[in-house]
Amino acid sequence: MSSAPASTLRYLQGYPLETLAQVEKLLAQGRVADWLQQKYPQAHTVRTDRALFDYVQALKAEYLRGADPVGKVLFDAKLHVVKNALGTHTTVSRVQGNKLKAKREIRVATLFKTVPDEFLRMITVHELAHLKERAHDKAFYSLCSHMEPRYHQLEFEVRVYLTHLEVAGAKLWGAAGMAE
Ligand SMILES: [Zn+2]
């Protein structure tokens with residue numbers, strides 16, 4: 001059986017070759033969907049930007065109370081996960097009175113609307129961690145793991161799902177007829 005072309009594993013760059021081989025095998029056998037759906041039978045119920053805002057604020061209040069406030073949170077349909085890794089975080093500076101106030105904004109790709117709660121949690125933890133750590137370095141990942149002990153496993157599974165979407169195209173948890 002031929003292995004999946006390297007380009008299909010672009011979401012998984014940096015993982016050990018052994019792991020990549022396992023993913024390629026699952027892809028070739030068409031078993032990725034089963035594997036993920038068995039682990040995570042249901043999608044989360046965060047359907048709107050307002051609900052996402054609350055979801056993000058709740059996690060922030062629990063772990064990052066002292067970090068910059070997040071003023072805006074939204075699902076972004078234009079966000080391309082390939083270009084922007086997993087989400088974006090920007091700082092919008094505004095002059096308020098005589099002070100320059102930085103307000104953080106978190107955008108999550110719309111495809112995360114129809115994923116298990118664990119995946120939404122992973123992306124949220126990732127973006128929140130950037131409030132404190134800009135680079136994807138050791139400090140960043142240790143903060144992610146502090147907020148979500150399964151962080152590394154979940155990021156891996158999210159990347160496998162992105163690979164599945166690219167190869168097979170079919171969403172695994174999408175509610176029927178839901179607008180993008
Ligand atoms: Zn990042």
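Quick note: the coordinates plus some simple rules give every number you see, no bench work behind them. This structure is a prediction, so every number in the text was calculated from the model and none was measured. All Cβ positions, glycine included, derive from the backbone under ideal geometry; neighbour counts span all protein chains shown.
At 0.36 nm per residue, minus the direct Cα-Cα distance, what do Asp76 and Lys103 gain on full extension? Give it in nm, one decimal, please.
Separation in residues times 0.36 nm, less the Cα-Cα distance, equals 7.9 nm.
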Report task. Name the residues whose placed amide hydrogens come within less than 5 Å of the amide hydrogen of Val108, ignoring near sequence neighbours (fewer than 5 apart) on the same chain. Result -> Leu74, Phe75, Asp76
Report summary line: A chain fully extended from Arg47 to Leu17 at 0.36 nm per residue, minus the present Cα-Cα distance, gains in nm 7.1 nm
**Report entry** Which listed pairs, of Lys103/Lys138; Lys72/Lys103; Lys60/Lys132; Lys113/Lys171; Lys78/Lys138; Lys78/Lys113, have C-alpha distances above 18 Å, in listed order
**Finding:** Lys103/Lys138; Lys78/Lys138
Requested in this report: Give the order of His136, His130 when sorted by the count of other beta carbons within 10 angstrom, beginning with the fewest.
Outcome: His136, His130
